[in-house]
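K.L.:
What follows is a single structure, and I will ask about it in a moment.
The values are calculated or read from the model by the stated rules, or taken from the named source; none is laboratory data. Please read these numbers as outputs of a predicted model, since none were measured by experiment. Cβ: placed from backbone, ideal geometry, glycine included. Neighbour counts: every protein chain shown. All accessible areas refer to the heavy atoms of the entire protein, side chains included, with ligands and DNA or RNA removed. Shrake-Rupley method; radii C 1.70, N 1.55, O 1.52, S 1.80 Å.
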Amino acid sequence: NLKMVVLTSPGERIMEPEFGVGLKRYLFELATIGLEQRIKQRIADQVAKYLPYVRISEILVNTSRTNPDVPDNYLFVRLEYSVPSARIPQQTLDIKVS
């Protein structure tokens, strides 16, 4: 569910036009601190709205600005999360978008 929220673009899901982070839309924006902060905030807002049972402990966004090993046309996002109500301990979800 978490991966679906992050990868779905707003407007893609029927009857839920605001659903989704839409990471691909950020791919060709200029890699700045502001971009990374917007991505982090969008993820946090979407998870709070659609997956309130998921607790995110860290969101890491890597772009070519933050990591020289990341090509210009890639975004790398790492989410560290848990699901306390289901007794799921700390997990890591890595997402690479190109």
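K.L.:
Only sites in a loop by DSSP and with at most 14 other Cβ atoms within 10 Å count here; which chymotrypsin sites (Phe, Trp or Tyr not before Pro) in the chain make the cut? Present the calculation step by step, with values, prior to reporting the outcome.
P.N.:
Details: sites: PHE19, TYR26, PHE28, TYR50, TYR53, TYR74, PHE76, TYR81; in loops: PHE19, PHE28, TYR53, TYR74.
Counting only loop positions with at most 14 other Cβ atoms within 10 Å, the chymotrypsin sites (Phe, Trp or Tyr not before Pro) in the chain are PHE28, TYR53.
K.L.:
With r as the distance between the Cβ atoms of PHE28 and THR66 and R0 = 22 Å, compute the FRET efficiency 1/(1 + (r/R0)^6) and round to 0.05.
P.N.:
Values: r = 17 Å, r/R0 = 0.77.
So, using R0 = 22 Å, E works out to roughly 0.85.
K.L.:
How large is the dipole of the chain about the Cα centre if only Lys and Arg carry +1 and Asp and Glu carry -1, each at its Cβ, rounded to the nearest 20 debye? Before the final figure, lay out each step's value.
P.N.:
On the way: 13 positive and 11 negative charges, 38 e Å.
Rounded to the nearest 20 debye, it is 180 debye.
K.L.:
Would you mind getting the accessible area per residue of the chain, heavy atoms of the protein chains only, 1.4 Å probe, in Å²? Please report the intermediate quantities before stating the final value.
P.N.:
Numbers: 6120 Å² over 98 residues.
Result: 62 Å² of accessible area for each residue.
K.L.:
What does the helix-only formula give at 222 nm for the chain: each DSSP H stretch with n ≥ 4 adding -39500 (n - 2.57), the total divided by the residues, and the result rounded to the nearest 500 deg cm²/dmol? Please report the intermediate quantities before stating the final value.
P.N.:
Details: 2 runs with 24 residues, N = 98.
Mean residue ellipticity, 222 nm, calculated: -7500 deg cm²/dmol.
K.L.:
Sticking with this structure for a sec: How much of the accessible area of the chain, probe 1.4 Å, is carbon plus sulfur, in whole percent?
P.N.:
Details: 3130 of 6120 Å².
Carbon and sulfur: 51 percent of the exposed surface of the chain.
K.L.:
SER98 to GLN37: extension gain in nm, 0.36 nm per residue of separation minus the Cα-Cα distance?
P.N.:
Working: separation 61, 0.36 × 61 = 21.96 nm, distance 1.91 nm.
Fully extending the segment from SER98 to GLN37 adds 20.1 nm.
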